[in-house]
Every structure is written in C-alpha cells, then in structure tokens.
1. Considering only region A:308-337, how many residues are buried (at least 20 other Cβ atoms within 10 Å of the Cβ) and either touching a His at 6+ places or on another chain (Cβ under 9 Å) or more than 14 Å from chain B (Cβ to nearest Cβ) (or both)?
2. Please go through region A:410-455 and give me each residue that is in contact with a helix residue (DSSP H, G or I) (Cβ under 9 Å, 6 or more places away or on another chain), small (G, A, S), within 19 Å of A:Y569 (Cα to Cα) and part of a loop (DSSP other than H, G, I, E, B), ordered by number.
3. Taking B:G75 as the residue in question, decide whether it is free of Cβ contacts under 8 Å to residues at least 60 places away in the same chain, out of contact with any His (no Cβ under 7 Å at 6 or more places or on another chain) and on the phi > 0 side of the Ramachandran plot.
4. Among residues belonging to region B:61-92 that are of a type in the set (F, W, Y) and facing chain A (nearest Cβ under 7 Å), point out the one that is farthest from the chain's Cα centre (by Cα).
5. Would you check which residues across region B:171-184 are of a type outside the set (D, E, K, R) and modelled with pLDDT under 90 and list them?
6. Please work out if B:A258 is at the interface with chain A (Cβ under 7 Å from one of its Cβ atoms) and assigned to a helix (DSSP H, G or I).
7. Test of understanding: among B:I289, B:I301, which residue is more than 7 Å from every other protein chain (Cβ to nearest Cβ) and either surrounded by fewer than 24 Cβ atoms within 10 Å (Cβ to Cβ) or out of contact with any His (no Cβ under 8 Å at 6 or more places or on another chain) (or both)?
8. State all residues of region A:367-409 that are among the aliphatic types (A, V, I, L, M), in a helix (DSSP H, G or I) and under 23 Å from B:Q65 (Cα atoms); if no residue qualifies, say none.
Amino acid sequence: MSTRAPRRARVAAVSLAITGALVLSACSSGGGGGPDGEGGEDTAAPETSAAISFGDAEASTGPAEEVPGATPGGTVQVLQQTSPDHLDPAQIYVSHESNLARLIHRGLTYVRLDNEGNYTVVGDLATDSGTVSDDGRTWTYTLKEDIFFNDGTPITSADLRHTFERQFAPFITQGPSYVQQWLAGTGGADYRELLPEGPYEGDHLPDSVLETPDERTIVFHFAEPQNDLPYALATPGYAVVSAEGDTQEAYDQDPVTSGPYQIEDFRSGRSMTLTRNEYWQPETDPARNAYPDSYEISFGHSLEDSTARLMADNGDNQYATSFNNGLDAGNGPTVMEDPAIRERLIDGFQPYVATLAINTDRVTDELVREAIIRAVPLNGVLNAYGGTIGGQYAGGIISPLLPGYQEDYDPFGKLANPQGDIEGARALLEEADAVGYRLNYVNNTAPEDQQAAVAIADALESAGFDVNRTEVPPETYYDTIGVVDSELDIYRSSWGHDWLSAATVIPPLFDGRQIQDGASNYSHLNDEHVNSEIDRIRTITDPAEAAAAWVELSQYIQEETLSFVPTFYYRQTILHGSRIGGGVFNDDLGTIDMQRLYVIQDEG
Amino acid sequence: MSSQTEAVEAELVGRSPGQLMWRRFRRDRVGVISACVVVTFFALGLLAPVISALYGKDPYTRYGQLDPGLLNQYGYPVKPNGGMDGEFWFGIEPFTGRDVLTTLLYGIRTSLLIALAVTVLAVVTAILLGIAAGYLGGRWDFFISRGIDLLMAFPQQLFFVAFLPIIATLFVDPREETPTYVKVVSIILVLWALGWMTLGRILRGATLALREREFIEAARVSGASPWRIIRRELLPNVVSPMLVQSTYMLPNFVTTAAALSFLGVGLTEPTPDWGRMFSLAAEVYRSDITYMFFPGVAMVIFVVAFNLLGDSVRDAFDPKTVR
C-alpha cells in the first residue's frame, strides 16, 4: 500500500483573531487520566485478527449475510478530507480511493467480514476464491452468471482479460503491480516489457500466461507459486474494467462500474453522489449488503471539521460517517472520555506501521545501530502524532491487523520504557568507541514529523550521537529517502500491508535483491538468510503456516540485523452519527466496514 | 494664580524640540505605561537566559516525555490548567512536554530580535531611498517611486510563503542541517524586502515638501553639499514621522513573523517561537485552552502597548493633531 500516512490537519487562521477570543475562557480542566503509557488498554483497539480463510463456492454465493437489525433505504452522508484523483480501478491504490472503490467496483474476489467477526476471501465476480493447481502456479476462476456492468452489458472473461492486460499499458502508473509482476515473473517495473502497449495495439497476453478458454473461465499461469493471489485480486486495483466501455485515460474520470452503486454526480474536490446500480444483482454478491439507497459524499472536511460535526450529531450529521477522517488531536480526548460519543466510535488500526529505518550501508557497526534502537524515544514520536489517538507503541514490524501479531513482543524493552534507554545507548556507543558518531537524519516539514524528529534527535544527542538533521517538504520526502546513495543514515517511513498477509510487508521492506532508487527497502538490508527465507516462505501454501513463518522472519530481521526501529502502529478512529447502524471496524480495510452500514429508519 | 504665573515665567528657558517632546510625552500617562510595558518585554527577551537559569528550566528539554507522570496517554498535561504547578509556572506544552514559561520567553526574544532588526534595516532603507527620491527628484524620483509601487503591489503573504523556504537553501548545502541563525537571517531579509516602502513613501513626501522651503534654499545658496543638506537640514525634520512610523512597524513585524510561523514557514522546531505556539494552541485549544492563554495574552498586551506608545509618541511630537 502506498506509504502515504494521514497528516494531522491544521487550520490556518490569523493568530490575533484567536488570541482575542481566548481571553474569554482562560481556564481548562486537567488532561486527567493516568500518566503517559498507562491506561493504554482501555483505548487500544479491541481485536487483532486470526488467519483468514479462503471461501468455497457456498461461501461465495449471494446475497450477503444479513446484518442483524438492518433495514434497506435512506442516505448515508460521508465526510471526507480528500477527493479521489482516480476512479479507474487500475489507478486506485491509496486508501481513501480504495474505500470508495469498494462500493462501485467489483473484482474476482473480496474479503468479507461476517457477523461473527471472521474474515473470509470469497469469490465476488468469481464463483469461489480460486482453484489452485500446479503447486500454486496455476489459478482458475469461473465467473458467476447474472453479473453486469451498470450500462447493462454482462461481465465476461473478455472483460477480465482486458482488465489485466490494460494494467501493462503505459498510462496505468498508480495502481498495484503484484499480479503483473507475477504474470511476467519479474520484479520492479520490468513486467511492462511483457505487453508494452497493453491491449490497445492488438497485442494480448499469451495463453501460457493468461488463458480465457470460454466466456466464463479465467486461468492465471505463474512462473513461481503465488499463494496470495486470492488476496491480491480482492484489492480494488484489480477490479473489473469494461472492455467495451474502456476509454483509456478518460476512464479515470468516468468509469463503467459494476458494484451496487454507480456515480450519479461527481464534482471533484466538492461532492459525489452514489445511487443504486439497477443491474447489480444481490444474489450474485456475497460481500455487499448495500442497504442505503444512496451515498452523499462531501470532500474538503478537515479532521477538526468532521470530528466536530459528528460529535454534534445534529441534522444530517446523524446520518454521517467518514471512511478516512479520524479524530483530530484537539477533540480526540473529549470523544474518548465521553461515553455518549465514545459508543459511536469505530476503533482499530490502520495498516501502517511507522518505523525509523537505519541505513545499513552506512551505519555498518552493529553496536552503533543497537545504540540508535535503544535511544529512540517512542513516546516522543507517538506524542507528536496525538498520543494514543494517533497510534500505539510498536514492538515489531508486524501490524496488529496481521495474523500472527504478538502483542507482548518487545525485544529491546522499548514498550516498557518508551522514553528511550539513553544510558544503555551511551554504554553501547562507548563500547563501539563511537561517541560523537555523526548521523545524517532527514525528516519532513509536516508539524508532527518535525516534532517527532526533534524528540528523536534530542534523545540521540544525549546518548552521544552528533545528529545532522535536515528537512525536506512532505511532497518530496519519500523521493528523498528512496535514493539508494542518499548519504542519509536514519529516516522515518510508514509502510502498510496491501492485504492481510506479511507477504506485502517483509519482501518490499527487506528483500535485498530489490534495492534500487525509489524502492522501499529503506534500510538497504541485503542479508542472505533473509533473502532465502523470503523465497522459502512464499512457497508455503497454508496461510496460517505462512503467517507464522513471516512473523518469525520479521523477528530475526529486527533482532539480528538491527536495521530499523518500529515506533508505532497508526490507529484509525472513525465516528459515525447516531442514525447509522452496522458500524464495525474492518481489519482488511483498516477502517469502518462500509458494506455493512445501514440507516436507522424512523419508527412507523 | 500669581505663583503659577511666576512658575511659568521661571521656566521660560530655551528648549530644543526634542526636550519639548520629551516633556509632553512624560505628561501622557498612557504613553508612559505602554513605554514601561514595552521596555519590560525587551528586558524579558534580553534576560531570557538569566530567567531560565534562575528558574531552572530550559525551552528545549522534553520534561513531559522524560518524566512519565506529566503527560497523559493523549499527550496532554495530566494536571489541570495546562499542567501549571510550582514546578512549571505556566504549565507544560502538550505532546512535547516542554516548559511553557521558558518557551514563551525565548519565543519573545527571537520575535523581538527579528522585528527589531527588520525595523532598523527598513528604516535605514526608507531614509536612503525615500529622501533620495524626494530630494533628488526627476529621474531618480521616478525610478525609486515606481520601484516602491512595484514592491507594494506584491502580494506579501504569498511572497513570504513562497520565498522563505527557498532562501535558506541558498546559504546552506541541503545535506547539512540549517543553522538557526540562517533561518533567522532569511526571515529578516524577506520581511525587510517588503517592509520599508510605506515609510519610504512618507519620507519622500516629507522631503518633497521641505525641499522648497527657505532654509533649504538658503543652505543651497550658501554652497552646502547635497549630502550635508540631507544630513543636517532634512533628516532632523523627518525624525518625527520616522519614529512614529517605526513604532507602528515593529509590532507589525512581530505579528507578521508570528503569522509566518503559524503558516509553517517561519522558524522551525526546536527553536522556541511565539508564532508556532499559536499554531499548536489552535490545534489543542479544545482540550487545553491554557496553552493558548499565556502566549495569547502576552501578544495582545505587547501589540496594544506598542501601538499606544506609537500614538503617544506622535502626540508628543505633534500636539496639534487631535486624536
């Protein structure tokens, strides 16, 4: 998933206007609560997930399991900060676009959260989550009947072939590239050579790669076993695109859709109205309840604004929620401490884990690296992001959402001592005879990143490092740290999984064969054991066994290669109005599950 | 009656305009009080390190993060009123846990330093260019006045926001940490570039009026050089608009610098800064209004006092103007 993490929104106003107003109310009650770090349990997200299963044909048959008490009808208001830049499925990767896409686009599979809280990969357009053969090298999908686009044309295997072939077209640049790489059997951007112009020049993928023997069958052939394919196909990036209705670049503004809703009206940056797609058959869809008749989505709401509206819970705000706008740091404590508002809070984790990467190319002394790990103050970082409203101290790189997450994993005692172990770090530095070691540290100029960086730099300097801290704007931050020869030693990065498997975390971050400019191996770790383990774990077919192996590998990387410091897991806190029912947190989405929402109708 | 008359007669001695101004100013109670407030602010700024040493805290240490009992899980002070107590007199900053009193003092110090430097530079520039335009006239006047028009037409805030981040990179290798003084100097440069025109225009106007007066003509006839005329004849006569205008300019620069920090292009962490305190306060005021109280009240008092002082100075120079 994109490494873009949400920013704490700031309101720009004239400072004097504010200072004039504050004289009216000069006292404030205490923040109260326990000291830092204590009492974290009652606000921590409740659930962490077990391994998810692959659903068979029965689980993939619609209609979706009823949500208890739900009634159809009504309009849900959605308050969003950012308007989507992309509506073409192949261009959709960032979370605010994905969440919207899940209402209007359908793919071959979908990860469904059921009433008991279990996650299952079910067939969405396909009859099941996929039939695997050839040790994971061949996957066969059969399309359901009665599936249509919103223009009334039936969805056939030709559309699916087109969907995957156009992923190779030069104008498709923003979406995920997992399946393309698997089909081409390459890493990086080399997959494009398989079909340089996409399907538009009359070229097609050979049957040895992608086979569509009849109208309803799609067969993927991979060079290597790809056991995560059902998850990958559930991401909105691989949702179906109409072969006939494909307008190439223009599709991004006006796509043909297949989900229960279609775009009635979209004014970029302002609003979007979703209404029912009359061609969508609930009997074919095991994942979407689609209770509301319509969605009114409005954009441009700062976190302060959406939180204040949802706290007020008046008028239309009773029917409102958000897919991405969490609590702001100013209102957050009020929401958390007020039971009447708190009961309307959907609480969980975003997929992102914030870490401080240590460039192992440059900081080659393991003692120095361990000194950095010990000195970093987790509370200084997390406080900058709003304390427990912003996240939770991280012990490892495996997010609490992922199967196999271990809550008490804390190899360097950082959860117990979030101030950082300055003495321990200094002792290590002295042992390495490296007191005064110069560290090039870059952070971006977003206020919270600055604050966190100041705390980290301060702690490192008290431990005996000489920190050379530079700043770049947030827009160019990831480009800066993505340069292999950047001459930087430490920098923050936030990484989130693309589906509920560490296969989308460990390889991109730590596979030494993928080090290149713009790649995400920010630690520049190239460890033979890690590389071979990555290859081995990828061949494991059992999801639970694979999950355990990934966790074990992540712990090896953290403890033996000393290449990064996990700092915190981003939290997601979504408020909804009192007339919205069915609000639950969905770990796969990392936000409220929009498929289960319904409007609580007036009595009588 | 008679004793008063005698007293007036007894005081009938020659006084320079400056002495007259000073006497009038001393009689203006508001003026004297605001002058005291302004002097106090400058003293606080100058003595910030001393106060900090006596009080035993500094604006850089993250007290709340190092001592686990001070901030709650959301990063706000545990104690009421922003964490005010015998230890932290003005409370502690949310999230970072720094001491508010010393942060504010150091913030005032940097703000006043920047504002003072800009004011001095702007006044000098305005004198040079304003008087040159007014006295030399002709082509000089035309070019300088059009230059002033051009600069005044610039959208100021936009210019500041666009140029401040660039200026520092001119001086420092992007791989090296930008020293604080470079940031300060770049703020001063940018504020100066767009801060001198109003006074420049006023001085040009005043010079234009004075140029045709008899004493200037007399000096010219007697063979005085233009430089001497400007220095000895013109300058003393434009002191009053200059002083009045600069007492308005200084608080204006303080608020502009604060606004720049508020917008995120001013001084950056960890340098204590007045404007950034507002920026944080605007974010946290719903849960911690106290954090806005001290910097806010200090700013209001400072700006009001400086503006009243400006009024009083003007009244003292020119008692004929009715307020």
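1. 10
2. If the condition is that a residue be in contact with a helix residue (DSSP H, G or I) (Cβ under 9 Å, 6 or more places away or on another chain), small (G, A, S), within 19 Å of A:Y569 (Cα to Cα) and part of a loop (DSSP other than H, G, I, E, B), then A:G413, A:G420, A:A446 are the ones that fit.
3. Working: free of Cβ contacts under 8 Å to residues at least 60 places away in the same chain: yes; out of contact with any His (no Cβ under 7 Å at 6 or more places or on another chain): yes; on the phi > 0 side of the Ramachandran plot: yes.
Yes, satisfied.
4. Keep residues of region B:61-92 that are of a type in the set (F, W, Y), which gives B:63, B:74, B:76, B:88-90.
Subset that is facing chain A (nearest Cβ under 7 Å): B:74, B:76.
Values: B:Y74: 37, B:Y76: 32 Å.
Applying the filter and picking the extreme gives B:Y74.
5. Within region B:171-184, the subset of a type outside the set (D, E, K, R) is B:171-172, B:174, B:178-182, B:184.
Answer for region B:171-184, where residues must be of a type outside the set (D, E, K, R) and modelled with pLDDT under 90: B:F171, B:V172, B:P174, B:T178, B:P179, B:T180, B:Y181, B:V182.
6. Numbers: at the interface with chain A (Cβ under 7 Å from one of its Cβ atoms): yes; assigned to a helix (DSSP H, G or I): yes.
So B:A258 fits the description; yes.
7. Details: B:I289 fails: more than 7 Å from every other protein chain (Cβ to nearest Cβ).
Answer to the check: B:I301.
8. Just the residues of region A:367-409 that are among the aliphatic types (A, V, I, L, M), to begin with: A:367-368, A:371-373, A:375-376, A:378, A:381-382, A:384, A:389, A:394, A:397-398, A:401-402.
Within this subset, residues satisfying the condition of being in a helix (DSSP H, G or I) are A:367-368, A:371-373, A:375, A:378, A:381-382, A:384, A:389.
Passing the criteria: A:A371, A:I372, A:I373, A:A375, A:L378, A:V381, A:L382, A:A384, A:I389.
The values are calculated or read from the model by the stated rules, or taken from the named source; none is laboratory data. None of the values given here were measured: they were computed from a predicted structure. Reconstructed Cβ throughout: ideal geometry from the backbone, glycine too, with neighbour counts over all protein chains shown.
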